Amino acid sequence: MAYTEEELKKELETKEYEYGFYTDIDSETFPIGLSEEIVERISAKKNEPEWMTQWRLEAFRAWKKMDEPDWANVHYKKPDFQAISYYSAPLKKDKYESIDEVDPELLATFEKLGISLDEQKKLAGVAVDIVVDSVSVATTFKKTLGEKGIIFCSISEAIQDHPELVKKYIGSVVPVKDNFYAALNSAVFSDGSFCYIPKGVRCPMELSTYFRINQAGTGQFERTLVIADESSYVSYLEGCTAPSRDENQLHAAVVELVALDHSEIKYSTVQNWYPGGKDGVGGVYNFVTKRGICHTHSKISWTQVETGSAVTWKYPSCILKGDHSTGEFYSIALTNNYQQADTGTKMVHLGKNTKSTIISKGISAGKSQNSYRGLVQVHPRATNARNFSQCDSLLMGNNCGAHTFPYIEVRNNSAQIEHEATTSKIGEDQVFYCNQRGIDPEKAIALIVNGFSKEVLNKLPMEFAVEAQKLLEISLEGSVG
Amino acid sequence: MITIENLHAQVEGKKILNGIDLDVKPGEVHAIMGPNGSGKSTLSSVIAGHHDYEVTEGTMLLEGEDLSEISAEERAHKGIFLSFQYPVEIPGVSVTNFIKTAINANRKAHGLENMPANEMLKKIREKSALLEIDSRFLSRSLNEGFSGGEKKRNEIFQMAMLEPKLSILDETDSGLDIDALKIVANGVNKLRSKDNAIVVITHYQRLLEYIVPDFVHVLFDGKIVKSGTKDLALELEAKGYDWIKELA
């Protein structure tokens, strides 16, 4: 890959963050505990139609009969599901009167990420007079999207305004009984995002849910549904590089993607939930179900940068139902201190000439455990299915672990499956080489880690990629001994 | 520039340097020659501040400042550069990205802002031309899959970019064919000035035909056993190292 003058220049320029677009979310708080009554109350609160209430109740009844899965390579104290409030209000009120009251460590991190003072206030929950820029930006964007017939709103709004679409697709990719956490989410989800791109429309901007400003509004049980109609395209961003000091220990989100014929969905995530202290106390349990279905000639790309949470259980997957459909999974999972991550993907090849690519980069530091778990499944009808998987692990120090659990199930002889895996350790000679050039050890580690993760970072939208690089750097601070 | 007195150093308890004295002044080029295992590479690592090497006795002063408590990266900030005998690979980090990171780290240490992109671009273009490096090379991962010649050329490219006060070239000639050697030597010569100094560590006299030293020192068993001018290098070439061992 040769550089053109232009590319060289581009690489040298300092990239600035530009605002994405986001949706607003609001909610309230319910008493703790879970019962049919609570599920009905959530549904009533949101003024949902009867079919939605019944759908939730069906999920709740299924969930009651299910056991929490324990096959993942993670160890934690199981949450008490009756001790959680299932309808919480993250934006209920500003936590601080002025920025001086905010944890200085948090502010220092914001500083490093290059987040403006106004945004810092917003993220930390400090009262801000007006939401800078975002209102006008949002209005402009909403108009542009509306002209193209794109629907982008909260899922609650979608249930009210576009019930036919929601009814048709919700639970169609992740059924209510799919797994313990998906069932729980289906019963109690408070809000989330909905996106519909009409036939033949190429969404002109990156859509983002909780990007930056309203990141603080992320709920405990989010529900996201993205539908790309025939021959459409959308790039969707989720998450936030800024640290999320969330009081909710359990997060169980569900994301469903529907890519109809000849469409493409690119879904990028940066997850930076509170990982717990250096001693392993506290931190978020992140049990997420993400899945997309690909119809004929369509494509779904999952890209994720996972640096947060104490425990992560997450397998963004693709059901390659249509012939000639493509699934991609690009992942960076970084664990430090006592974090545990069990993450990977499932590529289910049902259609003919389906293709999938898996690139997983696991980085383990401190006393953390990082597992890749991936399934490549080729069904009898899936003639000429192809998969390429590459799982690389990078270890720092002698107290962490990297694990790879690849599952390959092939029931069609024409399939071509490739799997590559490497494990390496950051070499002292690499660090010394950097030191000798004036680069301090922490920066050297960050450079090496970013180089290791490059293939995945390159898949992220530009501004997101720059932030993700900084995030990797910050997440490894203090891991150099 | 650098004044080394009675320097003793060991690695993993094994004594390698046994009392080195060396005084390099601005504008000078010194060559350090010696047989394998005489401590040449150890000397370069010790000057660069590698933490595996323990200085047990003696002093190193860079422009009068004691280096003993100064980390490797701080020594780099103060203008010490080591061209490695075996440059390491850093996959996924391009030559451009690496040098940009290094330059900005050095600037930061001196309280300067990052170098503006245009200025960096101009400098990269100028210095890569000096070493006859094409732009395709700049986008490759650092040292990954580089030939021996490319690695060494890249080291000197970094030296040109960083403009150090004291450059130590550790066996820069090893692995180079004659054409690459000429390019590298030509690059080094263009970087010579009255304000900087260069220490060339080499086993053979060949490189010194192109980078002509002011002084030549012979290292044996962790000590400088003989010093002289360029003629000493020729004498070593002609007579080998055996007679030196008798001086020790």
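Quick note: the coordinates plus some simple rules give every number you see, no bench work behind them. Everything quoted here is computed from the prediction, not taken from an experiment. Backbone-built Cβ (ideal geometry, glycine too); neighbour counts: all protein chains shown.
What would the Debye formula give as log10 I(q)/I(0) at q = 0.16 Å⁻¹ for the alpha-carbon point model of chain B, no solvent? Evaluating at q = 0.16 Å⁻¹ gives log10 I(q)/I(0) of -1.23.
Computed from Cα atoms, the angle from the helix B:117-130 axis to the main principal axis of chain B rounds to 50 degrees.
Between A:I32 and A:R61, what is the FRET efficiency for a Förster distance of 25 Å, r being their Cβ-Cβ separation, to the nearest 0.05? Intermediate results must be reported in sequence, preceding the final value.
Values: r = 20 Å, r/R0 = 0.81.
It comes out at approximately 0.75.
Counted over region B:170-233 with a bin width of 5 Å, the fraction of Cα pairs per bin, in whole percents, is 3, 16, 27, 25, 18, 9, 2.
Scoring B:98-106, B:150-158 by mean Cβ neighbours within 10 Å over their residues and listing the highest first yields B:150-158, B:98-106.
Strictly over 31 Å apart at the Cα level, which of B:K78/B:K152; B:K40/B:K165; A:K454/B:K40 would you flag in this model?
Flagged as over cut-off: A:K454/B:K40.
The Cα atoms of region A:327-481 cover 56, 32, 24 Å along the three principal axes, with the biggest extent listed first. Note on A:A83 and A:E442: the model spin-label points, each 7 Å out from Cα along the C-beta direction, lie 3.5 nm apart. Comparing Cα centroids, region B:137-161 and region A:292-307 end up 37 angstrom apart.
Rounded, prolate or oblate: which fits region A:236-357 when a ≥ b ≥ c are the square roots of the eigenvalues of the alpha-carbon gyration tensor, with rounded for a/c under 1.5 and prolate only if a/b beats b/c? Since a/c reaches 1.5 and a/b is larger than b/c, the shape of region A:236-357 is classed as prolate. Each of A:S371, A:S424, A:S85 has some number of other Cβ atoms within 10 Å of its Cβ, and from fewest to most they run A:S424, A:S85, A:S371. Using θ = phi - 60° in the Karplus curve 6.51 cos²θ - 1.76 cosθ + 1.60, the 3J(HN,Hα) couplings for region A:276-293 round to x, x, 4, 8, x, 8, x, x, 8, 9, 10, 10, 10, 10, 10, 8, x, 10 Hz; x is entered for Gly and Pro.
Indicate, rounded to the nearest 5 percent, the antiparallel portion of the DSSP beta bridges found entirely in region B:2-247. So the antiparallel bridges in region B:2-247 amount to around 60 percent. Once the Cβ-Cβ distance of A:A421 and A:T53 is raised to the sixth power relative to R0 = 35 Å, the FRET efficiency obtained is 0.15.
Legend: distances between Cα atoms for A:K64/A:K290; B:K123/B:K182; A:K299/A:K459; A:K346/A:K443; pairs beyond 25 Å are A:K346/A:K443. Phi angles across region A:464-474 convert, under the Karplus curve 6.51 cos²θ - 1.76 cosθ + 1.60 with θ = phi - 60°, into 3J(HN,Hα) values of 5, 5, 5, 5, 4, 4, 5, 4, 4, 4, 5 Hz, Gly and Pro given as x. In order along region B:44-59, the phi-based Karplus estimate (6.51 cos²θ - 1.76 cosθ + 1.60, θ = phi - 60°) of 3J(HN,Hα) comes to 5, 5, 5, 5, 6, x, 5, 6, 6, 9, 10, 7, 9, 7, x, 9 Hz; Gly and Pro are listed as x.
Look at where the Cα atoms of region A:413-481 and of region A:320-353 average out, and the two centres are 20 Å apart.
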